[in-house]
Amino acid sequence: MVRSTRNAKRIALAWASGLFLPMLLACGPATRSDPAFWTPYTGDDGAGSTASEAASSTGTGMGGAGGTGGGAPAGGTLSFRVTTVSLDGEYAPKNIGAIWVTDAQDTFVKTLEVWAAKRVEHLVRWRAASGTNVVDAVTGATRKSHIEHAVFWNGTNTAGLEAPDGTYRVHVEFTEWNSSDSGEDPGPWMTLDFVKGPSAQETTLPDEPAFIGRYLSWTP
């Protein structure tokens, strides 16, 4: 009778252990052998994208590679390249400059790139057009040498609204001297018209003393 009772207790203990131990392991903390341990945390337990991810996917944040002024939009993309050339100014080859977009009436739309930092007051034309507005623009310090600038425009204004189809202008200005000083002329500048619309456009311009490698394309 005693032996039977002991056997019954052993069976009951084994049965309880068989249920309790898996439950304990399942509820315990993840370990490096657990595949879930290596799963990157995406926030909100997978309930959706975070605010930063949403901004990145729509390209509405500041800067971006090449002055996107936003990401690739449904309305089309302007691509523009230009290389500035030294004119042996007072601070050459150091230079400051800006690239921006206006409509056909020269009403400011958006800055695409500014390289100036503390000397921005010497960009006479850009300051007059933009009021130093750099929303969505790529910004940087004074360049120590002249380089190619590649910028993009997604067809929106500084409010993030799509600009209507029509003729627009890309403007480029740079200087190697204090252009805003009394008696000093503004630095070299150029403008290039293009049509924002349903038709693709591609333009390559001949070189000038201050600007070479000028290429523009509009992709609807």
Completion exercise
Put in order of increasing Cβ neighbours within 10 Å, starting from the fewest, T139, T84, T203 give T203, T139, T84
Completion exercise
With a Förster distance of 41 angstrom and the Cβ-Cβ distance between A141 and Q105, calculated FRET efficiency to the nearest 0.05 equals 0.80
Completion exercise
Extend 7 Å from the Cα of T167 along its Cα-to-C-beta direction; within the stretch 99-139, residues with backbone N under 17 Å of that point are 101-109
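How much net charge surrounds N95 when only the other residues with a Cβ under 9 Å from the Cβ of N95 are counted, with Lys and Arg +1 and Asp and Glu -1? Could you put the intermediate results ahead of the total?
Numbers: positive: K94, R143, K144; negative: E176.
It works out to a net charge of +2.
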Problem - J(HN,Hα) series, the stretch 95-105, from Karplus relation 6.51 cos²θ - 1.76 cosθ + 1.60, nearest Hz, glycine and proline x - result: 8, 10, x, 8, 10, 8, 10, 10, 7, 5, 8
Exercise for the section: Quick one: go through the stretch 140-179 and flag any residue whose amide nitrogen is under 12 Å from the point 7 Å out along the Cα-to-Cβ line of T83. Expected result: 146-149
Problem - Distant-in-sequence amide H partners of T156 (H built 1.01 Å from N, under 5 Å) - result: A163
Practice task
Counting only C-alpha contacts under 8 Å and six or more residues apart, can you give the relative contact order of the stretch 62-219 as a whole percent?
Solution key: 33 percent
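Where does each of F108, F174 land when they are ranked from fewest to most other beta-carbon atoms within 10 angstrom?
Values: F108 18, F174 31.
Ordered by Cβ neighbours within 10 Å, fewest first: F108, F174.
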Fill in the blank from the handout: Final fewest-first order of E113, E121 on the 10 Å Cβ neighbour count is E121, E113
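Taken together, the values in this text are just the output of simple stated rules run on the coordinates, not laboratory data. Nothing here was measured: the structure is a model prediction, and the numbers come from that model. As a convention, Cβ positions derive from the backbone with ideal geometry for all residues, glycine included, and neighbour counts pool all protein chains shown.
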